[in-house]
Structure formats: C-alpha cells, structure tokens
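Trainee: Below you will find the structure I want to go over with you.
The values are calculated or read from the model by the stated rules, or taken from the named source; none is laboratory data. Note that the structure is a prediction, hence the values are computed from the model and not measured. Because the Cβ atoms are built from the backbone with ideal geometry, glycine has one as well, and the counts that use them run over all protein chains shown.
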There are 2 protein chains.
Amino acid sequence: MLARVALLGEIDARTFAVLDDRYGVLRMPPACDGIHRGLAACQVLVTNGVEGVTESELDRLPALKLIASLGSSADTVALDACRARGIQVTNTPGVLAEDVADLALGLLIAAVRRICVGHDFVRSGQWSNRRMPLTGSLRGARVGILGLGRIGSALARRCVACEMEVSYHGRNRKADANYRFWPDLLSMADACTILIACCPGGESTHGLISREVLSALGPQGTFVNVARGNIVDEQAMIELLETGRLGAAALDVFENEPHVPEALTALDNVVLQPHQGSATASARHAMSNQLIENVDAFFANRRLLTPVTDDFEGD
Amino acid sequence: MLARVALLGEIDARTFAVLDDRYGVLRMPPACDGIHRGLAACQVLVTNGVEGVTESELDRLPALKLIASLGSSADTVALDACRARGIQVTNTPGVLAEDVADLALGLLIAAVRRICVGHDFVRSGQWSNRRMPLTGSLRGARVGILGLGRIGSALARRCVACEMEVSYHGRNRKADANYRFWPDLLSMADACTILIACCPGGESTHGLISREVLSALGPQGTFVNVARGNIVDEQAMIELLETGRLGAAALDVFENEPHVPEALTALDNVVLQPHQGSATASARHAMSNQLIENVDAFFANRRLLTPVTDDFEGD
C-alpha cells in the first residue's frame with residue numbers, strides 16, 4: 001500500500017500502529033536524501049508538535065492537505081505558509097488542559113513551599129540535625145495568569161480554590177471570565193507576586209516574559225512556566241534568580257529543551273520538569289485519539305474536529 | 001519577677017519574648033533535677049505540640065490551670081488527666097488549615113505526577129538522553145479524605161477544583177458537607193485510589209491506617225499523610241510501597257520524626273517532607289498570635305479563644 005500519511009518526529013507506538021494500519025505511514029526521510037517518491041502521495045503529515053514543520057518541509061510534500069499535530073499548541077508549524085497553500089492544521093486541545101493545570105499548580109506549590117528542597121532535606125538525613133527553615137505561603141497571594149485559554153481557565157479555578165486572587169493578561173478581555181483583566185503584562189506583573197504562563201508559543205509570544213516583567217515580580221515573586229521556553233528571556237531569568245531579585249521559578253519548558261542551562265540546575269530556588277505538562281498516560285491516550293479522529297475525518301471528507309485557530313490565549 | 005508561664009520544648013523567639021515580657025517564662029527543667037520551686041507559681045504551660053505533656057509533667061506544676069499548645073492538634077497532651085484536674089487546654093486551629101491543605105494538595109500532585117523524580121531527572125542530565133516515562137494523572141480520581149475538619153474541608157475544596165470526586169470518613173457525618181460520607185474507612189479506601197489523612201493524632205486514630213486500608217488503595221493508589229505519623233502502620237506501608245502493592249505515598253509526618261526509616265528514603269515512589277504542613281512564616285506568626293491571645297485571655301479572666309474540643313475530625 002502506498003503510504004498516505006507522512007510522519008515527522010517520534011509519536012507513540014499505538015498512534016503509529018493505528019494510522020499505519022488504516023492509511024500507511026511513511027517516516028519523513030532526511031532532506032539530504034533527495035526527492036523521495038513516496039512523499040508525493042502523502043496528503044497528511046503527522047507531527048508531535050516538537051519538531052518544527054518549516055516551509056522547506058512543505059515543499060517536499062506536494063499533495064499535502066492536512067497537518068495533524070499532537071499537543072495544544074501548533075506554534076512549531078509554519079501556519080502562514082500552510083494558510084497560503086490551503087493546508088489545514090489540527091492540534092489536540094482540551095483533552096490535556098486539566099492535566100497541564102494540575103502540573104502548573106503542583107509546580108507553584110512545590111516552588112513556594114519548597115517541596116523538592118524538603119524532599120532532599122529528609123532524604124539526605126539533614127532533618128536529624130536541624131529544622132528546615134520556614135517557607136513562603138500562598139496566603140494572600142495575587143496570581144497573574146498569562147493566557148486564559150482552556151489551560152489558564154482550569155488553572156484559575158484551582159487558584160481560586162486555594163484562595164488566591166486571580167487576574168489575567170491576554171490579547172483580549174474574556175467576556176465570560178470573572179477575573180481582573182490587565183491589558184498590559186508588565187502592569188499585571190507589578191501587581192502580582194506570582195506569574196504563571198499558559199499561553200501558546202510562536203511569534204506573538206516570543207520573549208514576552210522579559211527582564212522587566214520578571215523583575216516586577218520581585219524577590220518574593222514566583223514565576224511558573226508550563227507554556228513554551230522561548231516566551232521567556234531565559235538568560236535574564238537566570239541572572240535574576242541567581243541574585244535573588246526574582247524569588248523562585250518552576251519550569252516545565254526551556255528555550256533549547258531537552259538542553260537545560262547548568263546555571264538553572266545549580267539553583268535551589270528552582271523546580272525543574274522535563275516538559276511533563278501533558279505527559280500523563282491518560283492525556284496522551286486522549287490526544288492520540290483526537291489526532292486519529294482528525295485524520296479519519298480528513299480521509300472521510302468530514303469536518304475536522306479541532307482545526308487550529310489563531311488564538312493568543314491558546315488551549 | 002516570678003515566672004507565671006512554664007515552657008516545655010522549643011518555641012520561636014518572638015513568642016518567647018512576648019510572653020516573657022508580660023508574664024515571665026520559665027523553661028521546664030529536666031525532671032531528674034528534682035523539685036523546682038519556680039514551677040509552683042506557674043499557672044500556664046506553653047508547649048509546641050511536639051513534646052508530650054504527660055501526667056508526671058502535670059504533677060510538677062501544682063498551680064497549673066492552662067496548657068497553651070501551638071498547632072492544630074493537642075494529641076500529645078494528656079487530655080483526660082487535664083480534664084480530671086480542671087486544667088484547660090488551647091490549641092491554634094484555623095489559622096493553619098489553608099497552608100496545610102496547600103501542602104497536602106502539592107504533595108498529592110507531586111506524588112502522582114512525580115514532580116521530585118522529574119526534578120532529579122532534569123538536574124542529573126538524564127533528559128539529554130531519554131524521555132521521562134509518562135505518569136499517572138488526577139483525571140477521574142476518587143479521593144477519600146480522612147477527617148473533614150478545617151484542613152480536610154479546605155483540601156476538599158481544592159480537590160473539587162481539580163475535578164476529583166471527593167468523599168470522606170470521620171466519626172460523624174457532617175451536616176454541612178456535600179461530599180459522600182463513608183461510615184467505614186476500609187470501604188472508603190476500597191472505593192478510592194487516593195487517601196489523604198488530615199485527622200488529629202492521639203488514641204482515637206492510632207494505627208487507623210492499617211495494612212488492609214493501604215492495600216485497598218492498590219497498585220495505582222496514592223496515600224498522603226499530613227496528619228500524624230502514628231495513625232499509620234508505617235512498617236506495613238513500607239512493605240506495600242516496596243512491593244508495588246501500594247502505588248505511591250507522600251508523607252509530611254512519621255512515627256518517630258525527625259527519624260525517617262531508611263527504607264522510605266530509598267524509594268522513588270515516595271515524596272518526603274520534614275513536617276512542613278504549617279511551616280510557613282505567615283501561619284507560624286498567626287499561630288503565635290493565637291497562642292499569646294489565649295494566654296492573655298487566661299490572665300485577664302476572659303473567655304479562652306480556642307479551647308481544645310474532643311473532635312475526631314480535628315482542625
């Protein structure tokens with residue numbers, strides 16, 4: 001059977017098996033191998049959302065009509081080029097929002113209450129000799145959420161339950177949200193001690209969390225990132241954390257992941273995760289199902305379930 | 001000035017200074033030193049809630065009328081003996097409930113999403129070579145709360161925000177609680193995958209979390225303890241965790257703290273904390289204020305603010 005689906009990057013074995021069985025899957029060969037005839041028949045490209053889909057990738061797939069991307073953000077896909085070529089793009093939003101929000105809250109509590117520090121304190125036997133110092137608390141904390149999409153909304157609900165005062169920044173005020181809206185990110189950071197980034201990546205948010213924004217959180221401030229590494233000025237963040245001008249950070253994403261700057265791993269006011277936001281068995285299964293359903297819909301000429309929209313708030 | 005307040009164990013410097021200034025504080029000398037005349041004048045005993053106040057301690061304080069204990073549980077105080085002697089007991093409930101509930105939720109998320117494992121995974125450089133395995137999720141989780149007092153109620157609210165199904169066990173059904181009540185702890189553990197202990201310690205809860213209860217949670221189950229170490233059969237818990245018959249545990253308290261069994265520190269399905277439940281600067285300050293206000297009320301012949309009640313649900 002001629003493969004009708006091309007694959008860029010790694011996906012889980014089950015998704016691969018289902019798609020291969022139904023449509024035939026061809027792994028994208030390296031570009032340097034020259035023209036690959038099999039690619040001419042592929043109308044669908046499946047990607048894991050980590051590898052970027054560039055224009056030159058599109059050039060190699062003349063029959064391409066759909067890019068089905070795993071994950072909440074398709075910011076690694078050249079969306080403008082896809083639009084110009086009439087290529088549709090789907091992602092897998094919604095099914096991962098609650099899991100990502102859980103992790104964001106867990107990371108926030110871990111940073112403020114120093115859970116990983118306490119864990120090491122016990123394991124290394126230090127508790128036998130002394131008490132661990134008192135920590136900060138979430139009491140009275142004002143939290144600013146960057147990007148009140150599905151993840152941000154799920155997180156806001158959790159923060160309210162923890163009696164935090166929630167506000168948000170995004171491109172637009174949300175009519176159905178009962179939280180304070182800040183049209184300006186820096187002003188929000190000034191008014192908050194906690195900033196949690198849940199926005200998508202891509203051009204519109206690149207470098208949005210600047211040195212000024214992080215400085216505004218201050219020595220008692222905490223920054224949590226479950227969005228994308230490149231929305232932050234990572235070098236400035238490291239300097240502020242090293243010098244105590246930013247209190248703490250909890251980071252699930254990094255500028256050049258899986259590479260994490262050594263300076264970050266050396267700090268004890270930082271909690272680090274290997275991009276685990278949606279990395280639960282149940283979320284990944286649901287994401288896989290949603291991707292397969294989009295591909296099925298395409299080949300059956302049905303309406304796509306989750307086409308990517310250009311929404312700053314993101315999933 | 002003759003000291004009117006005796007002190008058992010360590011308290012923070014500020015509480016000591018305030019009480020010493022107002023009433024004079026005498027540290028309890030070791031019993032082996034024989035009769036200490038100064039104790040005869042002490043009508044109040046202040047304790048940190050960790051050291052136990054036994055009957056023989058009471059014998060050394062003939063004028064004792066009030067024991068003011070720091071913390072939510074006065075389970076280390078010989079309450080029956082106090083009652084028989086007409087000695088009142090106060091604790092510092094309420095002001096720490098939200099902080100303890102934050103930590104309980106943070107520990108639960110840390111255990112299920114393996115936050116400390118992920119933190120070490122990044123710091124040790126393993127992420128450069130491979131991906132961390134997928135983890136469990138809170139989606140669809142049924143959580144049973146043992147002790148729906150102030151802490152348990154604050155925690156229940158957080159669990160609902162995380163879309164968990166909440167039920168509880170305690171001595172009595174709570175009229176104002178909209179969660180399912182289980183009159184039997186083992187039945188609740190059977191129906192849940194997560195069990196969080198928030199009850200007070202003392203005789204009524206000693207060993208309540210038995211091998212059977214922990215086994216009922218099962219290989220996918222998670223046990224969180226922010227209550228007291230002696231409510232659990234610690235040895236059984238360790239065996240179940242080592243053999244995978246209990247999935248994970250997150251423990252803020254231990255049977256013989258600060259001693260933690262080596263077997264626990266060796267497990268990677270366990271998150272450990274050095275009794276940090278209320279160990280935030282803000283909670284400890286509020287607890288200190290509440291203790292001082294109780295002592296002030298006693299000496300001014302006013303009604304005590306927070307007398308200990310014999311409530312299984314606890315704070």
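Trainee: Here is a list of conditions, (1) within 7 Å of chain A (Cβ to nearest Cβ); (2) touching a residue at least 40 places away in the same chain (Cβ under 8 Å), and B:ARG139 meets all of them except one; can you say which number that is?
Mentor: Evaluating B:ARG139 over (1) within 7 Å of chain A (Cβ to nearest Cβ); (2) touching a residue at least 40 places away in the same chain (Cβ under 8 Å) leaves (2) as the failure.
Trainee: Anything in segment A:285-296 that is surrounded by fewer than 23 Cβ atoms within 10 Å (Cβ to Cβ) and within 12 Å of another protein chain (Cβ to nearest Cβ)? List them, or say none. So that I can check it myself, show each step before the final result.
Mentor: So the first thing to find is which residues in segment A:285-296 are surrounded by fewer than 23 Cβ atoms within 10 Å (Cβ to Cβ), and the list is A:285-286, A:288-290, A:292-293, A:296.
Those that are surrounded by fewer than 23 Cβ atoms within 10 Å (Cβ to Cβ) and within 12 Å of another protein chain (Cβ to nearest Cβ): A:HIS285, A:ALA286, A:SER288.
Trainee: Also: Confirm whether B:ALA189 is part of a helix (DSSP H, G or I) and within 13 Å of chain A (Cβ to nearest Cβ).
Mentor: Criteria not met by B:ALA189.
Trainee: Can I ask one more? Is segment B:127-143 home to any residue that is part of a helix (DSSP H, G or I) and in the same structural domain as B:GLU212 (by TED's automatic domain parsing)?
Mentor: yes
Trainee: On to the next question. Mind checking which residues of segment B:161-186 are part of a helix (DSSP H, G or I) and either out of contact with any helix residue (DSSP H, G or I) (no Cβ under 7 Å at 6 or more places or on another chain) or among the acidic types (Asp, Glu) (or both)?
Mentor: Correct list: empty.
Trainee: Run down B:ASN91, B:ASN48 and say which single residue is at pLDDT below 90, among the polar types (S, T, N, Q), surrounded by 15 or more Cβ atoms within 10 Å (Cβ to Cβ) and in contact with an Asp or Glu (Cβ under 9 Å, 6 or more places away or on another chain).
Mentor: B:ASN48
Trainee: Go through (1) at pLDDT below 95; (2) touching a helix residue (DSSP H, G or I) at 6+ places or on another chain (Cβ under 9 Å); (3) over 25 Å from B:PRO200 (Cβ atoms) for B:ARG131 and report which single condition fails.
Mentor: Only one criterion is unmet by B:ARG131, namely (2).
Trainee: Test B:GLU163 against the stated conditions and say whether it is closer than 30 Å to A:ASP12 by Cα and of a type in the set (Asp, Glu). Break it down into steps so the answer makes sense when it comes.
Mentor: Details: closer than 30 Å to A:ASP12 by Cα: yes; of a type in the set (Asp, Glu): yes.
It is true that B:GLU163 is closer than 30 Å to A:ASP12 by Cα and of a type in the set (Asp, Glu).
Trainee: Just one of the numbered conditions (1) without any contact (Cβ under 8 Å) to a residue 24 or more places away in the chain; (2) more than 7 Å from chain A (Cβ to nearest Cβ) is not true of B:ALA97; which one?
Mentor: That leaves (1) as the condition not met.
Trainee: On to the next question. Just one of A:LEU103, A:LEU70 is surrounded by 24 or more Cβ atoms within 10 Å (Cβ to Cβ), within 14 Å of chain B (Cβ to nearest Cβ) and more than 30 Å from B:GLU98 (Cβ to Cβ); which is it?
Mentor: A:LEU70
Trainee: Is it fair to say A:ALA101 is in contact with a helix residue (DSSP H, G or I) (Cβ under 8 Å, 6 or more places away or on another chain), among the small types (Gly, Ala, Ser) and either within 18 Å of A:THR309 (Cα to Cα) or assigned to a strand (DSSP E or B) (or both)?
Mentor: It is false that A:ALA101 is in contact with a helix residue (DSSP H, G or I) (Cβ under 8 Å, 6 or more places away or on another chain), among the small types (Gly, Ala, Ser) and either within 18 Å of A:THR309 (Cα to Cα) or assigned to a strand (DSSP E or B) (or both).
Trainee: Show the residue pairs that are 6+ apart or on different chains and have beta-carbon atoms under 9 Å apart, the first residue being within segment B:258-273 and more than 7 Å from chain A (Cβ to nearest Cβ), the second being of a type in the set (Lys, Arg) and outside any loop (DSSP other than H, G, I, E, B).
Mentor: B:LEU264/A:ARG123; B:ALA266/A:ARG123
Trainee: For segment A:142-193, which positions are free of Cβ contacts under 8 Å to residues at least 24 places away in the same chain and either within 17 Å of the chain's Cα centre (by Cα) or on the phi > 0 side of the Ramachandran plot (or both)?
Mentor: If the condition is that a residue be free of Cβ contacts under 8 Å to residues at least 24 places away in the same chain and either within 17 Å of the chain's Cα centre (by Cα) or on the phi > 0 side of the Ramachandran plot (or both), then A:ALA156 is the only one that fits.
Quick grid of which residues meet (1) in contact with a helix residue (DSSP H, G or I) (Cβ under 9 Å, 6 or more places away or on another chain); (2) within 14 Å of chain B (Cβ to nearest Cβ); (3) surrounded by fewer than 21 Cβ atoms within 10 Å (Cβ to Cβ):
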residue: A:ALA236; (1), (2), (3): yes, no, yes
residue: A:LEU240; (1), (2), (3): yes, no, no
residue: A:THR243; (1), (2), (3): no, no, yes
residue: A:ALA248; (1), (2), (3): yes, yes, no
residue: A:ASP252; (1), (2), (3): yes, yes, no
residue: A:ASN256; (1), (2), (3): yes, yes, yes
